[in-house]
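Peer 1: Sharing a structure below in structure tokens format, with a few things to ask.
The values are calculated or read from the model by the stated rules, or taken from the named source; none is laboratory data. Everything numeric in this text was worked out from a predicted model, so none of it was measured. When we count neighbours, we look across all protein chains shown, and the Cβ atoms used for this are built from the backbone with ideal geometry, even at glycine.
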Amino acid sequence: MSGGKNKRSKRHEGWEEAGGEFYQELYPGGEQELFENLQRADAAKLATLLPSKQARNTTTSKRARSQNERRQSTFARTTQSRDIHLSMLPDLSENLSNEERTWEEIMQIKAMPVPMNQKLEIKSRLQNATKLRLQGLEQLQWRQRKVLHRFRIRFAEIVGKLELWQSALREIEGKFGTGVVSYFLFLRWLLFLNLAISIFVVTFLILPNVFLVEVEHDCDEFVENSTICCSQAYLQRNLTDNNVILDLIQGTGWMERTILFYGVYSDQVYSYFVKKLWDAEMFYNMPLAYILIPISWILFSLIAIVKTAAKGFKERLVENEGQFYMYCNLVFGGWDFCIHNDKSAKIKHKALYNEVKGCLEEEKYKEEKQSRTRESQILMHLKRILINLLVFVILVGSGILIYVVFNQAMDKLNEEQFSSMEIEFENITEKSTLSPYRDNSYSIWRFRNTLLEFLPFIAIGVLNIFIPEIFGYLIKFETYTPANAIIITLLRTVLLRLSSLAVLLSQIYIQISDPDRVRCAVFDEEFRQECWETYVGQQLYKLLLTDFALQFVMTFFINLPRSFIARHSNSRCLKIIGTQDFYLPKHVLDIVYVQTIVWMGAFFCPFLPIIGTIFCFLIFYIKKFACLTNCTPSPIVYKASKSKSLFMSVLLLGFVISILPVAYSVAEISPSWNCGPFRGYETVWSFVVETFEAFPYLIREFVFLIGTSTFAVPAFAILLFFLYYYWAVAAANRHMVEVLKNQLVLEGHDKQFLLNRLSAFIRQHQKRCERRNRASFADDDSSIQHSSR
């Protein structure tokens, strides 16, 4: 122990000696000069000895000496500009009298033996002393700002207390860290986004279609293959009493004729009267509303995503700027002093522990990266290449499997379409002793038909559950940082989900673009793709239901027994099988996948955003149960700021991918002849063009002018100018931040310099006092000896 103390003391003495030599070399002016200045109390002379003053004097002299030399070297010009900025910095040691006086008064308030309420009142009076210097309108404006500021603070506190799932989010943050709780915040954000989209759809599509009365036409007055006759035949068909539950989960039968799907929405312009407006006749164009509402919620979603992503990137940049002070902020500024019970304190302790753990994990990876040899780097790159090849093979195999399953299911369904008509006919016409047997065979056929309907979506759901687990296992061998591991795993899982959706949509497109497809059936027969928009909406509706059902089954019927076995078993093998981590990339892709389906299907199934809102609400509780009950804290600690920006980036990718098929169907594919608001048009876009041509002449000319080069080129030049301006401002701000950082470093040097010199002055003062004491003692001894003699 003593040896260790001696070593530390020697190191400390060596550090002090090195620091003294450093300041003596950089900031000349010996202790004797300082002692003389202190004795004379010459503050101006003492201020010139500060490191910041020495740096300014040095840069000023350098600038004067090198005025001619700086034209010869670019490096000299860069260094000189930095020196000029450094010399132009304000002296933060000036104008401290007001701050010191205020600080002394606050300290006096702290030391007063009065209750805390009185201390707060006195402090508020002291801080509000600026109003004594304001008069008239300025004082009124100052009071208004003060009241508004207090109102905002109180309103933010009230809203914070009324936040949805606040207690659950705090519990998750305490056990799993801010990265995992950012996932649940992201899920809550998606819930509110779907709720806003649902309000758009309900207000402008569903309610007008329910309450406004459609004008009915007689088919006898039109051609047999007209849109009127075809739509009446389509809407009056297939209203038999089939299995209600199967129709509910498939979206067929009676469900197909509800406001859930595209086919029931009218192509008419409704007219109605409002009594309070002098019985004025009002019109509501349903086809125009059906194209404007999707455009509105698409723009709304895009703005919300970009705004939230920009906020996340800003937080990430701020966090990256403060890496040097990261541990200080966590240790000294991370505690929430509003916590008032033991449970919340324990949760906050765990949250801070997870934050520090995540920071240490990144530091550990950086040290391991620096200590790698060339052989280990080559081996690491070879492993990454092999794993990427394996991932590519898995993705291709998944796409082939979905293709085979979808085609087999569709072939079986087409084969049994005519057999179903025979079974229904026999069940209706024959009244014999074999009718129970025929009812049983019909129910078996319905069950098999339902299984074939859901078989492609079950295959997609199973692949989406198990393949990300394989990706999560493979990523462990690639030695990435936690942030990079999340990004790469998310990209691979996104490719899996998008490839499965691409295969499914391609097969649906092949079915609906078949030239032999029946477009109008005025007789009693039924065809699956007669109204292809409703058929697409049914497929995406079933895909959404299947994904939700698989998540529910996996959480409560597979993962829950696994976690129970892992907790109550002593077998190492069973613990390995049952232990589960809350693997963030997989769960993020689950909800992004659901949201992508909602965006993609909202045009063909307007009720889908409402279903998505309900599913987001239920998925929160399912994921909460999976997180708190089934899973253990992951060894990889995720950071909140990086997770937020990453979630929004993946969501933006899903948004773009979901809008592309809808845009293609609007622009290129002919709408159904017998259903929907755009029946009778070549494409949906042709209706948009026809509606635009009915606009007033000035509006059309203005829109055409925007599209011409006469407007586009100057607008592009102005945008470039503003872009350059904001880039220059940002560069100047970054440079000023660096300059202020240097100033803070110099101020720190000033404090250390003053402390060192003050300690030197105290030592010299003590030595002089000792000499005086010794001299006085010597004089006393000599006087005593002299008197004794």
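Residues checked against (1) surrounded by 10 or more Cβ atoms within 10 Å (Cβ to Cβ); (2) out of contact with any helix residue (DSSP H, G or I) (no Cβ under 6 Å at 6 or more places or on another chain); (3) under 30 Å from Pro287 (Cβ atoms); (4) basic (Lys, Arg):
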{"site": "Val684", "(1), (2), (3), (4)": "yes, no, yes, no"}
{"site": "Phe702", "(1), (2), (3), (4)": "yes, yes, yes, no"}
{"site": "Thr708", "(1), (2), (3), (4)": "no, yes, yes, no"}
{"site": "Tyr724", "(1), (2), (3), (4)": "yes, yes, no, no"}
{"site": "Ala728", "(1), (2), (3), (4)": "yes, yes, no, no"}
{"site": "Leu744", "(1), (2), (3), (4)": "yes, yes, no, no"}
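Peer 1: For Ile718, only one of the following conditions fails: (1) surrounded by 11 or more Cβ atoms within 10 Å (Cβ to Cβ); (2) of a type in the set (Val, Ile, Thr); (3) over 30 Å from Glu668 (Cβ atoms). What is its number?
Peer 2: (1)
Peer 1: Among the residues of segment 99-123, write down those that are modelled with pLDDT of 75 or more and surrounded by 10 or more Cβ atoms within 10 Å (Cβ to Cβ).
Peer 2: Gln108, Ile109, Met112, Val114, Gln118, Lys119, Leu120, Glu121, Ile122, Lys123
Peer 1: Give me the pairs: first residue in segment 572-600 and outside the structural domain of Asp547 (by TED's automatic domain parsing) and in a helix (DSSP H, G or I), second residue surrounded by fewer than 22 Cβ atoms within 10 Å (Cβ to Cβ) and not acidic (Asp, Glu), beta-carbon distance under 6 Å, and six or more apart or on different chains, which are they?
Peer 2: If the second residue must be surrounded by fewer than 22 Cβ atoms within 10 Å (Cβ to Cβ) and not acidic (Asp, Glu), no pairs are left.
Peer 1: Continuing with the same structure: Among what's in segment 652-704 and is over 29 Å from Ala502 (Cα atoms) and aromatic (Phe, Trp, Tyr), pick the residue that is farthest from the chain's Cα centre (by Cα).
Peer 2: Among them, the one singled out is Tyr697.
Residue by residue, here is whether (1) of a type in the set (A, V, I, L, M, F, W, C); (2) modelled with pLDDT under 80; (3) surrounded by 13 or more Cβ atoms within 10 Å (Cβ to Cβ) holds:
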residue: Glu355; (1), (2), (3): no, yes, yes
residue: Thr373; (1), (2), (3): no, no, no
residue: Phe392; (1), (2), (3): yes, no, no
residue: Leu395; (1), (2), (3): yes, no, yes
residue: Phe418; (1), (2), (3): yes, yes, no
residue: Ile423; (1), (2), (3): yes, yes, yes
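Peer 1: Let me ask something else. Identify, by number, the condition in (1) farther than 25 Å from Thr596 by Cα; (2) of a type in the set (Asp, Glu); (3) at pLDDT 80 or above that Glu469 doesn't meet.
Peer 2: (1)
Peer 1: Provide a single number: the residues in segment 698-747 that are among the hydroxyl-bearing types (Ser, Thr, Tyr) and at pLDDT 85 or above.
Peer 2: Qualifying residue count, segment 698-747: 3.
Peer 1: OK, next. Among the residues in segment 547-560, are any of a type in the set (Gly, Ala, Ser), at pLDDT 85 or above, within 32 Å of the chain's Cα centre (by Cα) and buried (at least 23 other Cβ atoms within 10 Å of the Cβ)?
Peer 2: No, segment 547-560 contains no residue that is of a type in the set (Gly, Ala, Ser), at pLDDT 85 or above, within 32 Å of the chain's Cα centre (by Cα) and buried (at least 23 other Cβ atoms within 10 Å of the Cβ).
Residues checked against (1) modelled with pLDDT under 85; (2) under 30 Å from Gln539 (Cβ atoms); (3) touching a helix residue (DSSP H, G or I) at 6+ places or on another chain (Cβ under 7 Å):
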| site | (1), (2), (3) |
| --- | --- |
| Phe615 | no, yes, yes |
| Ser634 | yes, no, no |
| Ser645 | yes, no, yes |
| Tyr664 | no, yes, no |
| Glu693 | no, no, no |
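Peer 1: Search segment 400-415 for residues that are in the same structural domain as Pro456 (by TED's automatic domain parsing) and under 15 Å from Ser499 (Cα atoms) and pair each with any residue that is among the hydroxyl-bearing types (Ser, Thr, Tyr) and surrounded by 13 or more Cβ atoms within 10 Å (Cβ to Cβ) when their beta-carbon atoms are under 6 Å apart and the residues are at least 6 apart or on different chains.
Peer 2: Ile402/Ser500
Peer 1: Can you confirm whether Ala760 is over 49 Å from the mean Cα position of the chain (by Cα) and either of a type outside the set (D, E, K, R) or modelled with pLDDT under 85 (or both)?
Peer 2: yes
Matching residues to (1) assigned to a helix (DSSP H, G or I); (2) in contact with a Cys (Cβ under 6 Å, 6 or more places away or on another chain); (3) at pLDDT below 75; (4) aliphatic (A, V, I, L, M):
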residue	(1), (2), (3), (4)
Tyr473	yes, no, no, no
Leu496	yes, no, no, yes
Leu501	yes, no, no, yes
Asp516	no, no, yes, no
Gly537	yes, yes, no, no
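Peer 1: In addition: Please work out if Gly160 is assigned by TED's automatic domain parsing to the domain that holds Pro606 and either farther than 26 Å from Gly612 by Cβ or assigned to a helix (DSSP H, G or I) (or both).
Peer 2: Spelling it out, it is not the case that Gly160 is assigned by TED's automatic domain parsing to the domain that holds Pro606 and either farther than 26 Å from Gly612 by Cβ or assigned to a helix (DSSP H, G or I) (or both).
Peer 1: Here's something else I'd like to know. Give the residue, chosen from Leu720, Leu746, that is within 35 Å of the chain's Cα centre (by Cα) and not assigned by TED's automatic domain parsing to the domain that holds Asn209.
Peer 2: After ruling out the rest, the residue left standing is Leu720.
Peer 1: Looking for something basic (Lys, Arg), in a helix (DSSP H, G or I) and within 30 Å of Ala663 (Cα to Cα) - is there at least one such residue anywhere in segment 724-737?
Peer 2: no
Peer 1: A further question on this structure: Being part of a loop (DSSP other than H, G, I, E, B) and more than 13 Å from Cys520 (Cα to Cα) is the filter here, so list the residues in segment 666-675 that pass it.
Peer 2: Once the filter is applied, which keeps residues that are part of a loop (DSSP other than H, G, I, E, B) and more than 13 Å from Cys520 (Cα to Cα), segment 666-675 yields Glu668, Ile669, Ser670.
Peer 1: I would also like to ask the following. So which of Leu191, Leu207 is touching a residue at least 60 places away in the same chain (Cβ under 8 Å), within 24 Å of Pro609 (Cβ to Cβ) and in a helix (DSSP H, G or I)?
Peer 2: Leu191
Peer 1: Looking at Tyr270, Tyr284, Tyr265, Tyr290, can you tell me which residue is under 30 Å from Leu452 (Cα atoms), in contact with a Phe, Trp or Tyr (Cβ under 7 Å, 6 or more places away or on another chain) and at pLDDT 70 or above?
Peer 2: Exactly one residue qualifies, and that residue is Tyr265.
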